[in-house]
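Below is one structure, written out as structure tokens; the observations come after it.
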Amino acid sequence: MRSEVEELINAVEDEADDIDDLVDIVRDQRYAMKGRDPAGVDDLMKEMREVFFDVQTQEGLRGGLAKKMAARWGCDPRASSLSALMEEDERALFNGAVDRLTQSVFVLKSEILILNGLVEQNEKYTSMLLSEWRRLMGDAASPRSGFPAEAGAMDFRG
């Protein structure tokens with residue numbers, strides 16, 4: 001196998017590994033949110049930023065290698081174009097790595113959608129609770145409820 005192809009395959013696999021790490025963190029965040037663990041969510045957000053930086057670094061490396069190889073081979077830096085010009089054994093390994101990366105990205109997107117749904121649901125629930133609290137406080141503060149809104153609103157007439 002040519003070293004440039006092996007380097008690209010390794011870069012694709014490393015990026016998939018980093019994205020899989022992000023998936024694990026997003027899942028852990030979801031469980032921390034369900035468990036009402038704000039400190040855990042904060043810790044996971046910090047960890048996510050670090051891993052996200054790793055993903056960006058790997059993506060840049062992979063993209064750079066693909067562009068360099070595409071320029072050398074006279075094709076587009078897309079996986080399908082590069083794969084078409086690889087030897088059979090290289091192509092099988094490369095396509096497997098690309099499939100794994102594609103699957104990892106798909107799973108990450110799915111997990112983020114689930115997490116976003118939980119956040120939206122939490123926002124709606126919080127809004128409903130605040131609305132009900134305001135309504136109850138408004139009723140409690142009205143003169144007919146017996147709890148004055150202001151000290152001057154009390155009526156001591158018999």
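The values are calculated or read from the model by the stated rules, or taken from the named source; none is laboratory data. On a predicted model such as this, the values are computed, not experimentally measured, just so you know. Using ideal geometry, Cβ is built from the backbone for each residue, glycine included, and neighbour counts are taken over all protein chains shown. Note: accessible area is taken over every heavy atom of the protein model, side chains too, but ligands, DNA and RNA are not part of it. Shrake-Rupley method; radii C 1.70, N 1.55, O 1.52, S 1.80 Å.
Here are the numbers for the structure shown:
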{"quantity": "Computed E for residue 132/residue 53 - FRET, C-beta separation, R0 41 angstrom, nearest 0.05", "calculated": "0.45"}
{"quantity": "Listed pairs 68/109; 34/124; 34/109 exceeding 24 Å between Cα atoms", "calculated": "68/109"}
{"quantity": "Order by protection proxy (mean Cβ within 10 Å, highest first), peptides 43-49, 5-11", "calculated": "5-11, 43-49"}
{"quantity": "Column: log10 I(q)/I(0), Debye, Cα scatterers of region 33-74, q = 0.21, 0.22, 0.25, 0.31 Å⁻¹", "calculated": "-0.70, -0.72, -0.80, -0.93"}
{"quantity": "Residues of the chain: accessible area per residue with a 1.4 Å probe, Å²", "calculated": "68"}
{"quantity": "Label-point gap, in nm, between residue 118 and residue 42 - each point 7 angstrom along Cα→Cβ", "calculated": "1.8"}
{"quantity": "Average projected area [Cα convex hull, the chain], square nanometres", "calculated": "13.9"}
{"quantity": "Difference of contour (0.36 nm per residue) and Cα-Cα distance, residue 70 to residue 7", "calculated": "21.3 nm"}
{"quantity": "Accessible surface of the chain [probe 1.4 Å, protein heavy atoms]: carbon and sulfur percent", "calculated": "56"}
